[in-house]
Amino acid sequence: MRPMLLSIMLLFALPASSVEAPGTVPATAQVAASATTRATASATAATPQATPTAPDNDLILSEISSQYSPLYYPALMARYRDGDTTLTAHEFVCLYYGYPFQESYRPLSPAPAATNDLLDRFAANIEPDSAQCAELVSLGERVFDAEPFNLQVINLLTFAYGRLGDKKMERTNYFRLRNVINTITSSGTGLAERSPWHVIYFANAIETLTSMGLHPGRRLVASRTVEYVSLLVRNGPVRGYYFDFGRIYMKKP
Amino acid sequence: MKKLLFAAITFALLSCCKEKSELPTPTPGKVWRTYLLYLAGNNTLASSMHIDALELTNGLTDTTLNGGRVLIYYSLSANAAQLIEVQYDPSKGHGVQKVLKTYPAGQSDVDPNVIRQAIVDMTEYAPADSYVIDFSSHALGWTPAVNITGTLAPKRAFGSQYPVGGYPSGAAIDVDMLARTIPDGLPVEAVLFDACAVGCVEVAYEFRNKCRYFGASVAEIPSNGFPYDKIIGYIFDGNAIDWAAFVDTYVEDYPNYNLWHVPTYTIVDCSKLGWLRSVARAAVSAYRPQLMTINLDQAQYYFNRSLIFGYDMGDVLSKVTTGGPLDELVKTTLDEVVVYKRATETSNGSAPAFVQAKFSGLTMHVPQDRFDQATNTVRWNPYYRTLAWYHDVWE
């Protein structure tokens, strides 16, 4: 329960600069818009797919496995870690949904101590000074190494770099954050059990909703791999969204 | 008595099992580890490298390889280079060389396609679950491989060969290009440099996605190079290489050569270079004006020539962070990234005064304005700005 609460807390507790697209539009507004219309992607970022498409595991696995493919996973992950902002929407699909095929993917393991340490530090002081931001960055980069799709951490890095005045790294992390969320919200409509949003961590579902400015409520099992996450406050006519957690169970111990 | 005998046998079996379990079981069709020594020796180092190859061959015993394989890319002249395997010959009690492939005459050892081909050949002739690649030649840290217009700065980033195959005398390869010769995703346990002054954070950073460990010296390396007969065993001792023993053996071998400079070697954990990048970036961001104006002549450096392209990273950063909030963070991060480092206690002869306490294991360049000027020796900055470390830390 704690990680979920903390995720909500973090994404709402951050000062405005942390969730704004560097220099321009508030992230929450932009991500929410792209999630609903899929037409407002950033010019510099990957353009989301026009039609929501469920990720094809077999296709992704074959694309990321060939050493001679430009989508070869180690090369793709190296670009992502290096902060390459030329990654395309399809490359993000391969990155995010290809991660469950990597040895380091352990969605059911407890969060590393460093993750909790990072989030605890921030929760204890949400107005860090420069030195504290430098420490958050240092710790955050370590956690990012171990958990490259932990959206809370990427969000926190965006915030800390922004606070340090490091626009380049702020933009880099915002690019990662926005495109991972775009990847998730392009994997289905989220509005029906047969068209869920596919995530590779339980926390990503909550983080996606909070990034849209929504208030996630209870999780209800809809099928073997799909759950319905209700909203505490309706999003227009929508009372909740469907998420597919199937990839998490691929690594069931 | 019987019980005692049973216990002794059990203990012996357990001990035996323990030793074997330290070596990984290779994937079918592969060995657990292959080591490639890339001898780019078509230059003044040819005779030393010939001895290196002999050391490696004669140093093999029946227990050295533990099922692994040793290859040498052997190029000591403009004649055709060869890919050689060193195998243990029980009848001789040491290794023997077997030619696996002969390359076309006239190819350049610093051509990225040639280096890439040697690495691909390694994976085809001796496929393994884990590789160690050892680059041996002349080198000059991160500096550019091409002549810098209007200066006398040398061009030997890595290689510096005699003319061959359309390549002029002194041709070398840039460090970023060298890193790119290693295919993405190849399971490389370590990239080692038996070459001068490559222990720069800038070079290590170019290799960050190419290998697990990066090994190099911040200072010059004698022409004799590694004592291969003594260090080769550590490469095949177990899946996790005993880096302390490897480095100690190397550095402690130096007194045999009556040298005049500071013998050093450093092993870097590449998976942690991202941490160092973020801390260095924070330090540069906080102290850029100070870094751009400090007197670098007061900082620890190692290269014993008039060309100084790198200062001790810990020493330089401490000059601006001391007493500030980043001081401890810089030190602890450097200590984490540098898995092991060693330097002799003192320096001899004309080397700059070496202070052991200042030795952090890596050097870094500080792109002060004066390195933009074309003096008679250096104009490093234009090239420096093309390196990944510059992009990720200074920009």
Fraction of beta bridges assigned by DSSP in segment B:29-270 that are antiparallel (%, nearest 5)
50 percent
Anisotropy class of segment B:29-270 from Cα gyration tensor, a/c 1.5 cut
rounded
Among the chymotrypsin sites (Phe, Trp or Tyr not before Pro) within segment A:59-127, which fall in a DSSP loop and have no more than 16 other Cβ atoms within 10 Å of their own Cβ?
A:Tyr68
Run the helix sum for chain B: -39,500 (n - 2.57) per DSSP H stretch of 4+ residues, divided by residue count, reported at 222 nm to the nearest 500 deg cm²/dmol.
-9000 deg cm²/dmol
Relative contact order of chain B, please, whole-number percent, based on alpha carbon pairs below 8 angstrom and at least 6 residues apart.
16 percent
Against the longest alpha carbon principal axis of chain B, how many degrees, from 0 to 90 and to the nearest 10, is the axis of helix B:2-21 turned?
40 degrees
In nm, the gap between the two label points placed 7 Å beyond Cα toward Cβ at A:Ala192 and B:Gln356 is 7.4 nm
Using alpha-carbon coordinates, inclination of helix B:327-337 to the longest axis of chain B, degrees
30 degrees
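Between A:Ala123 and A:Thr51, what FRET efficiency comes out of the Förster formula 1/(1 + (r/R0)^6) with R0 = 45 Å and r the beta carbon distance, rounded to 0.05?
0.70
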For an R0 of 41 angstrom, estimate the FRET efficiency from the Cβ-Cβ distance between A:Thr225 and B:Asn239 and round to the nearest 0.05.
0.65
Once Lys and Arg get +1 and Asp and Glu get -1 on their Cβ, which of A:His198, A:Gly162, A:Thr210 lies farthest toward the positive end of the dipole of segment A:104-211?
A:His198
Suppose the chain between B:Leu54 and B:Arg385 were pulled fully straight at 0.36 nm per residue; how much longer would it get relative to their current alpha carbon spacing?
115.1 nm
Please give, to one decimal in nm, the separation of the simple spin-label points placed at B:Ala80 and B:Asn295, each 7 Å out from Cα toward the Cβ.
6.0 nm
Whole-number percent relative contact order across segment B:274-394, with pairs defined as alpha carbons under 8 Å at least 6 apart:
35 percent
Output the relative contact order of segment A:105-220, whole-number percent, from Cα pairs under 8 angstrom with separation of 6+ residues.
17 percent
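Taking loop as defined by DSSP and a crowding limit of 16 other beta carbons within 10 Å, which GluC sites (Glu not before Pro) in segment A:112-214 fit?
Details: sites: A:Glu135, A:Glu141, A:Glu170, A:Glu193, A:Glu207; in loops: A:Glu193.
Those satisfying the criteria are A:Glu193.
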With r as the distance between the Cβ atoms of B:Lys30 and B:His94 and R0 = 25 Å, compute the FRET efficiency 1/(1 + (r/R0)^6) and round to 0.05.
0.50
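Each reported figure results from applying straightforward, stated rules to the coordinates on display, with no laboratory input. Here the structure is a predicted model, which means the values were calculated and not measured. Heads up, the Cβs are rebuilt from the backbone with ideal geometry, glycines too, and the neighbour counts pull from every protein chain shown.
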